[in-house]
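Read-outs throughout are calculated quantities, based only on the coordinates presented, and are distinct from any laboratory measurement. In this text the structure is predicted, and so the values were computed from the model without any measurement. With ideal geometry, Cβ positions are generated from the backbone for all residues, glycine too; neighbour counts draw on all protein chains shown.
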Amino acid sequence: MSDETPSTPALGDPAAAPLTAGVPAPAAKVSGVELAKIASNYLLGDIPQELVDGAPGFGKASIHLLKNHGTYQQDDRETRKAREGAKSLREISFMVRTRIPGGKMTAAQMLAEIDLGDELANGTVRLTTRQGIQHHGIVKGDLKATIQRINEIQLSTLAACGDVERNVMCCPAPLRNNPVRDQMQTMASRLAEHLAPQTRAYHEIWLTDSDTGEKTLAGGGSAGKEIEPIYGPTYLPRKFKTAFGLPEDNCVDIYANDLGFLVVHEAGKILGYNVLAGGGMGVTPSAAKTFPALAKRLGFVPEEDVLAIATAIVEVQRDFGNRSDRKVARLKYTIHTMGLENFRAKVEEYFGKPLLPCHPSDVHGFDDHIGWHEQGNGKFFYGLNVENGRILDTHKTQDSEKHAGDFRLKTALRQILKEIQPGVRITAHQSLLFTDLHITDRVRITEILHAHGVKTSEEISTLRRWSMACVALPTCSLAVAESERVLPGLIDSLEPEVAKLGLSNDAFTLRMTGCPNACARPYNCDIGIVGRTLGKYTIFLGGRLLGDRLNVIYKDVVPFDELCKEITAVLACYKAERTAAETLGDFCHRKGVDAVRVWADEWLAGARGHG
Ligand code: SRM
Ligand code: SF4
């Protein structure tokens, strides 16, 4: 990864953050969320009573606790206006997230998730940037049935959200000719299981029949026993995210995670893992103490020490993370506050031995696994690009008016899953892999997609393939601008401009979010577009496909309607001034955003003959 400091700061700046001697925040000042956790008896709280109290939603403490169970209380923000004069402006509904380690599923599980979306949610299914699945629009009365149905298919929502280890990401490519990926994927699943919360509250609330089930209290029945041996009663100060990736294929964006395991391998054998710690993207622009950060290279461990080092790091974060101010409670702030060397020493103390120095290997490649690939065992897998992860049937078009009324991805997927029964994997780019295919399935999958107005991955532009957007409006309570709903249109406008510049085959990442929380990881990609306020965005440049360098602000408060021309001008500059084989991100980083801005503004003003 690059240690160079950008010339123009990204949002927030580590240098501006306070250094407070590396000690935990005083217990007296713990945040409201911490108080809710302390009082909850291992995440039980008042959820059982409130679940059946007849009110449309939950109380404040339960809303916090419910996240750990995989659900968010939300409302469709667009219906608020229509409800003026009603008792409440918010028509409460719930988002439910399934945690799927490494995004690995069966066809039957995926079909069940699609059915669930139709029967209890809003009729769509959303693949996430962390290889999970979200449903929106679930009413309180259906929450238990939703979570039960997800558990019936051997998946879980426990710890999909909340102050715990979230979905463990792992490169999903099913390459059987190289045991490294299989072995790494198995390790990711083991770690997910190892770090899953142990509380009985989840089972008690969601999986016990409330009429006939035994009435226990989550922690109460096991007095004297350690309920949560790793987390303890207050879990972690904040969300915690882990990913497993390869140097030649950083498809999981390993440097954006709290904890990364970068596999070190030679001749088909895993030598061990480089351990990376303290990555995270979210920032609060009004709080200078917040900043996006890439994970730091901490040390190397042999395979047998993966669970132990992960436990040690989680426990250090548990004991030293900030529990009074949630804005600075992620591991990146703990490391910043303690200093990397103190943090490493503390981790080694918890680990019980010194860490070996990092192996020199680092990320140098990236594969989104889209398109047709041999698996290595005589079978194939196919990566289907799902635009922004949204699986639906719609009268809206995929990317042009030509196919209006014609786009039925959900129905196409149902047919593929039922007829061909492939293995399924979700990528960290909100897309799907169908695995274990026969050569003959290629024609049939293409037929099914076309019959439902869905383009194959080969038929979409490189630009669209490498783009992604977060959910944002209307469900996300933190969104200040549109994202998923407007990115396809922006790409429609950009495609002809990119073609005119002769850049249609150039791969660069374009990621959009509806606020600075950065759920589509816009701060380490080539072009980041981050919602600033309704209809206006900040453009970031200078990260790259490899995800190992943060980008910096290029222009701020740009109206949506101007994004196409602003990005086109940057691409024109890239086309004119790049060196051979230089990627967009590397070019912007080398030239510097200030110089790119001067060039692009002249181009837009016509001074360079093309404006
Ligand atoms: Fe996220 C909060 C959606 C990946 C950083 N994220 C949210 C919430 C739950 C909004 C809220 O708190 O009320 C969003 C739900 C919106 C909705 O209506 O569905 C939300 N985040 C998503 C998803 C669905 C985006 C997507 O389009 O795929 C992703 C779910 C992943 C999963 O399956 O677990 C998602 N979120 C991410 C990522 C990317 C990643 O993890 O690789 C990030 C940046 C990395 C990071 O964590 O730093 C991310 N989400 C945030 C943050 C900022 C955290 C921070 O440390 O500042 C928030 C806000 C918060 O936690 O306070 C947030
Ligand atoms: Fe919501 Fe912001 Fe995350 Fe987008 S980036 S889903 S707007 S929290």
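Mind ranking 271-279, 283-291, 308-316 by how tightly packed they are, going by the mean number of other C-beta atoms within 10 angstrom, highest first?
Result, highest mean Cβ count within 10 Å first: 271-279, 308-316, 283-291.
What do the square roots of 5 times the Cα gyration tensor eigenvalues come to for segment 98-212, in whole Å, largest first, as semi-axes of the equivalent ellipsoid?
Equivalent-ellipsoid dimensions as semi-axes: 26, 18, 12 Å.
Report the Cα centroid-to-centroid distance between segment 418-493 and segment 235-299 in angstrom, as an integer.
Between the Cα centre of segment 418-493 and that of segment 235-299, the gap is 25 Å.
Assign one of three labels to the chain, namely rounded, prolate or oblate, based on the Cα gyration tensor with a ≥ b ≥ c the square roots of its eigenvalues; rounded applies when a/c is under 1.5, prolate when it is not and a/b is larger than b/c, and oblate otherwise.
Rounded.
Show me 521-531, 469-479, 171-181, 48-58 ranked by packing, highest mean number of other Cβ atoms within 10 Å first.
Order by mean packing, descending: 521-531, 469-479, 171-181, 48-58.
Is segment 237-344 rounded, prolate or oblate when judged by the Cα gyration tensor, a ≥ b ≥ c being the square roots of its eigenvalues, rounded requiring a/c under 1.5 and prolate requiring a/b larger than b/c?
Prolate, since a/c reaches 1.5 and a/b exceeds b/c.
Over the chain, what relative contact order in percent results from Cα pairs under 8 Å that are six or more residues apart?
Answer for the chain is 14 percent.
Sorted by packing (mean other beta-carbon atoms within 10 Å per residue), highest first, where do 559-567, 91-99, 411-419 land?
91-99, 411-419, 559-567
Work out how far the C-alpha atoms of segment 470-611 reach from end to end along every principal axis, then list the three figures in whole Å, largest first.
Extents along the principal axes: 42, 31, 26 Å.
Assign unit charges at the C-beta atoms only (+1 for Lys and Arg, -1 for Asp and Glu), then state the dipole size of segment 453-560 relative to its Cα centre in Debye, rounded to the nearest 20.
Computed charge dipole of segment 453-560: roughly 240 debye.
Any idea what Rg and Dmax come out to for segment 36-163 if you just take the C-alpha atoms, in Å?
When restricted to the Cα atoms of segment 36-163, Rg and Dmax are 14.9, 47 Å.
Exceeding 21 Å between C-alpha atoms, which entries from my cross-link table qualify? They are K140/K241; K104/K327; K239/K332.
From K140/K241; K104/K327; K239/K332, over 21 Å: K140/K241; K104/K327.
Round to a whole angstrom and tell me the spacing of the C-alpha centers of segment 528-573 and segment 36-106.
With segment 528-573 and segment 36-106 each reduced to a Cα centre, they are spaced 33 Å.
Using all alpha carbons of segment 545-611, what is the percent of pairwise distances in each 10 Å bin, ordered from the shortest bin to the longest?
The calculated distribution, bin by bin, is 20, 52, 25, 2.
Among A159, L276, M110, whose Cα projects farthest towards the positive end of the dipole of the chain, with charges put on the beta-carbon of Lys, Arg (+1) and Asp, Glu (-1)?
After comparing all options, I get A159.
With +1 on each Lys and Arg Cβ and -1 on each Asp and Glu Cβ, and nothing else charged, work out how big the dipole of the chain is about its Cα centre, in Debye to the nearest 20.
880 debye
Using θ = phi - 60° and the Karplus relation 6.51 cos²θ - 1.76 cosθ + 1.60, list the HN-Hα couplings for segment 201-206 in order, rounded to whole Hz, with x at every Gly or Pro.
Karplus-based 3J(HN,Hα) across segment 201-206 equals 4, 4, 4, 5, 6, 9 Hz.
With each run of n ≥ 4 DSSP H residues scored as -39500 (n - 2.57), what mean residue ellipticity at 222 nm is computed for the chain after dividing by its residue count and rounding to the nearest 500 deg cm²/dmol?
-9000 deg cm²/dmol
Bin width 10 Å, alpha-carbon pairs only: give the P(r) of segment 499-546 as whole percents, running from 0 to the bin holding the largest distance.
All Cα pairs, binned at 10 Å, distribute as 30, 44, 23, 3 percent.
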